[in-house]
Structures are given as structure tokens and as C-alpha cells.
1. Modelling each spin label as a point 7 Å along the Cα-to-Cβ direction, I'd like the residue 179/residue 111 distance in nm, to one decimal.
2. Give me Rg over Rh for the stretch 129-197, both radii from the alpha carbons and Rh done the Kirkwood way, two decimal places.
3. What ranking do 134-141, 186-193 get when scored by the average of other Cβ atoms within 10 Å per residue, highest first?
4. Show me, for the stretch 160-173, the HN-Hα J-couplings you get by feeding each phi into the Karplus relation (A = 6.51, B = -1.76, C = 1.60, θ = phi - 60°), rounded to Hz, glycine and proline as x.
5. Round to the nearest 0.05 the FRET efficiency obtained for residue 166 and residue 91 when R0 = 35 Å and r is the Cβ-Cβ distance.
6. So for the stretch 102-191: antiparallel DSSP bridges make up what percent, rounded to the nearest 5?
7. Quick check: residue separation of residue 153 and residue 189 times 0.36 nm, minus the Cα distance between them. What number comes out in nm?
Amino acid sequence: MSDFDNASYSANGDGGDSTRAEVRSMPFFPAPPGGPQPVMPLAAPTSAPASAPAAANPGRHMQPAQNPVAEPPALDAPRKPHASTVREEPTAVVKGRIKIEDRVVEKVAALAALEVTGVAALAGEVPGAEAPGVKASVRDTEVSVDVTVVVDYGSVVMDVAKTVKNNVARVVGVMLGLKVTEVNVTVDDVRMPGAEA
């Protein structure tokens, strides 16, 4: 038997065997109604230990935590903005004037006309024109072009002329950045088969 069992106490505290060692009594805390309650931990461990097989009747200190504290989500690394979302700084406006001479338009139009299948050559001498068969007139950002061509025999003349008109307007507009207001095409001659260019 333990010392606690051998010791006897009276109501006023003077009973019992004085020769025995005095036994200190533990403070008395009554149990809450409904049985023992689980002990709530102050903070959940940062990493959960490996789960052990559950005991049939776990003790108060062996019960799992009821409300584990969630770990805050990790912050993502700062992302680099996509190139399409980056705003470019506006460039400074530089004063000045850009002028394209007529002869530049005439050379570009002549090459564009010669690219068309069915065009044998450019014809006609235009006074003051840089290229034979082509005359251009530039006004600010607008231009009008006159083209005179020789077509190959066997080509559909109207189709060749329409293709020349469209190709000259497209090439001059793209290369020189001018607004082509009109392209006038004149078919001056037909080159016969076997004839020299």
C-alpha cells in the first residue's frame, strides 16, 4: 500500500499517525460534466509526424489536435510582365518634313508594272520622266501615276491592264507610304512573237 493509503486524516487535520511521513495532498480539480475533455494544443506542429496505429483508448495527451492551424500559403515569386502588356514610352515628336520626289515614285511604279505577267515593256517617252512610260505626280501624301505598257501577243489585254493598275497602286502604297489616288494604264503596243524586246 502507498503512503497515501496508510495515512488517515481527521476533519480538523490532527488525526493519523504522526510517525509516518507527511503526505502532501494534490489540489482537487473537479472534472467537467460529460466526462474528460480533450486537451487543445496551443499551436499545431509545422509538419505532421508519421501517423501511428490508433490505440483502442488513447489517453488525454495522445488525442489528435482538433483544430490545426493552417500554414499561410507561400508567396509566389514576382512574375515578369509579358512583352505585350508593357507600355512603351511615347517617342518624342521630331519636327521636320519628308518629301518624296516624283522620279522615285516613277522608278518604283515602273518596276511594279514590269512584274506583271504579260507586260513586254514600258513604252512612250514622257518628257521629264525618270523611267520611260511612267509619269508620277506627288502632292503632299497623295500620288497619281500614269503608266504606258506594251503587252505580249496572246495575253488578255484588259486583264493585264487591270493587274498592272492594282500592282502599281499596291507597291507604291506599301514601299513609299503614299496614298495612291489613281493609276492610269495605257496599252501602247503589242509585242509580236519572236520580236526583240
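1. It is 2.6 nm.
2. Computed over Cα atoms, the ratio is 1.03.
3. 134-141, 186-193
4. 5, 5, 5, 5, 4, 4, 5, 5, 5, 5, 5, 5, 5, x
5. 0.55
6. On the way: 9 of 20 bridges.
If I count the DSSP bridges inside the stretch 102-191, around 45 percent turn out antiparallel.
7. Value of the extension gain: 12.0 nm.
Coordinate-derived values only; no laboratory data. Bear in mind the structure is a predicted one, so any value in this text is a computation, not a measurement. Note that we place each Cβ from the backbone using ideal geometry, even for glycine, and neighbour counts take in every protein chain shown.
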